[in-house]
Structure formats: C-alpha cells, structure tokens
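Visitor: Here's a structure for you.
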Amino acid sequence: MPRKLPPFVECWRDRHGKLRIYFRRARGRRIALPDLAAPDFDAGYTAALVGTTSPRPKPGTAKPGTIAALVTSYMKSGKYIGLRNTSKRATPVASSTCA
C-alpha cells in the first residue's frame, strides 16, 4: 500500500520516468523535496512548510565562477564606472572601412 503523502506534497513521474516530489501550498511556487524514503525528507518538508528554504537566484544572475559573473563584477567595479560613456558604449566596427 502506498504511503499517504503529507499535506501540500505533490508526487508524480515525469516523462523520463523519474519520480518528482514537490511542496506546493495554495498555488505558490513548487519547492523540490528529496525522496520520501530519504532520511532528510522530513527536514526538507519542515523547511518548506515553515518557509525557510533558500530563494531561487534571480533570472539573469550569473552563477559564480563563470565568464558572465566575471563580466558582471567588472561592470560593477570602480574602474569600469570611472570610464567615460563613450568608452563604455559598444560600437560595431565596419569591416569595409578597414584597409
């Protein structure tokens, strides 16, 4: 007999056959939970129920250690901010003007 799910827990198999378990309260966002048999399920469920889960990164935020993160940190630095606006503006170079 299958285990009865706790309140606000959704469980289904995706198109690849993987079991997905999510916490979702009142049309809110889904929070992924570990497997029901995992020892840390209760801790994850309690954290989701209380609302102490880590927030998602904002869209467009670069992951640390990537080139995008390096560019973003440079554009926030004082060295870049101190440049003139003409230096900051990207201007395409026409290849027909080069000799």
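Visitor: Give me the extension gain from THR52 to ALA38: residue separation times 0.36 nm, minus the current Cα-Cα distance, reported in nm with one decimal.
Guide: Difference between extended and current length: 3.1 nm.
Visitor: Would you tell me the accessible area of LYS76, worked out with a 1.4 angstrom probe on the heavy atoms of the protein chains, in Å² to the nearest 10?
Guide: The accessible area of LYS76 comes to roughly 150 Å².
Visitor: Can you tell me the length gained on complete extension of the stretch ARG29 to TYR74, counting 0.36 nm per residue apart and subtracting the Cα distance?
Guide: Values: separation 45, 0.36 × 45 = 16.20 nm, distance 3.32 nm.
Taking ARG29 through TYR74 to full extension adds about 12.9 nm, to one decimal.
The values are calculated or read from the model by the stated rules, or taken from the named source; none is laboratory data. Predicted model, so just to flag it, every value in this text is computed and none were measured. All accessible areas refer to the heavy atoms of the entire protein, side chains included, with ligands and DNA or RNA removed. Shrake-Rupley method; radii C 1.70, N 1.55, O 1.52, S 1.80 Å.
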